[in-house]
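Before any comments, here is the structure.
No lab work stands behind these numbers, since they all come straight from the coordinates. Since the structure is predicted, the reported quantities are computational estimates derived from the model, not experimental observations. Ideal geometry is used to build each Cβ from the backbone, glycine not excepted, and the neighbour counts take in all protein chains shown.
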Amino acid sequence: MAPTEEQNEFEQAGNEKPLSLIEEFLVFIRENKKWWLIPILLIFGLIGILVTLSATGVAPFIYPAF
């Protein structure tokens, strides 16, 4: 069986280094034109950071900011 071009592309894709989660997400946004997801995820990230910091000794310094 002679290798076809499709098999070669498939093998090349299999030999590539796997993308990290962030790289994969950026490729998804770029290819699908889902730019509106970026602000939503940034807000979720900031809220997550605030929740995490509120459980530490930083909490007294966060509350006066609001």
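Laid out as a table, the results:
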{"read-out": "3J(HN,Hα) from dihedral phi, the range 50-65, Karplus parametrisation 6.51/-1.76/1.60, rounded to Hz, x for glycine, proline", "value": "4, 5, 5, 6, 5, 8, 10, x, 7, 3, x, 8, 7, 4, x, 5"}
{"read-out": "Calculated on alpha-carbon atoms, Rg and Dmax of the chain in Å", "value": "21.3, 72"}
{"read-out": "Leading residue at positive end of dipole, the chain (Cβ point charges), from Asn8, Phe28, Leu50", "value": "Leu50"}
